[in-house]
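Heads up: the structure comes next, in structure tokens.
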Amino acid sequence: MSSSRDRVEDTYELQNDQRLEDLHSKLRTLRGVTTDIYDDVERQNSTLDNARDAFSSFGASLRQSSQRASQAFGLGPGGVKQWRTIMYCAAALVGLWLLWKILFWFWPSSTSP
């Protein structure tokens, strides 16, 4: 009877060892997934930091370009007033439109019926 009982206990021990090995395998898999997730998050954080730095640099460059353009056009204190610049642009557009009309008056389109 004792030997039968020993066999049952051995069977239980083998089953426990097998289940323990299965759990250990799952734990290794979860550890690997966790490490992969951590690495991916670190790469994404690095990419976001680089993008933030690039946009900050672009914003500073755009601000400097805007300031230089306003100085070149004389916008700002003591420079050409904004309405004068707008009038120059409007006059240029009207002049181009008149030139276009005059050119088509001298060179009519060649559409024959």
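Compute the normalised compactness of the chain: alpha-carbon radius of gyration over 2.2 N^0.38 Å, N being the residue count.
3.01
Of Val94, Thr34, Gln71, which is farthest on the positive side of the dipole of the chain, counting Cα position, with +1 on Lys and Arg Cβ, -1 on Asp and Glu Cβ, and the Cα centre as origin?
Checking the options against the dipole of the chain, the answer is Val94.
Using θ = phi - 60° and the Karplus curve 6.51 cos²θ - 1.76 cosθ + 1.60, what whole-Hz ³J(HN,Hα) does each residue of region 6-19 get, with Gly and Pro shown as x?
Each residue's phi maps through the Karplus curve to give 5, 5, 5, 5, 5, 4, 5, 5, 5, 5, 4, 5, 5, 5 Hz.
Residue separation times 0.36 nm, minus the C-alpha to C-alpha distance between Glu9 and Tyr88: what's the value?
Full extension of this stretch gives 18.4 nm more.
Between Val33, Val94, Val41, find the one with the highest GNM mean-square fluctuation for the chain; connect C-alpha pairs within less than 10 Å.
Val94
Over the Cα atoms of region 1-61, Rg to Rh with Kirkwood Rh, two decimal places?
1.64
Taking springs between alpha-carbon atoms closer than 10 angstrom, which of Asp53, Asp22, Asp39 fluctuates most in the Gaussian network model of the chain?
Asp22
Where a number appears in this text, it was derived from the coordinates with a stated rule and is not lab data. Fair warning: this is a prediction, and the values are worked out from it, not measured in the lab. So basically every Cβ, Gly included, is an ideal-geometry build from the backbone, and we count neighbours across all protein chains shown.
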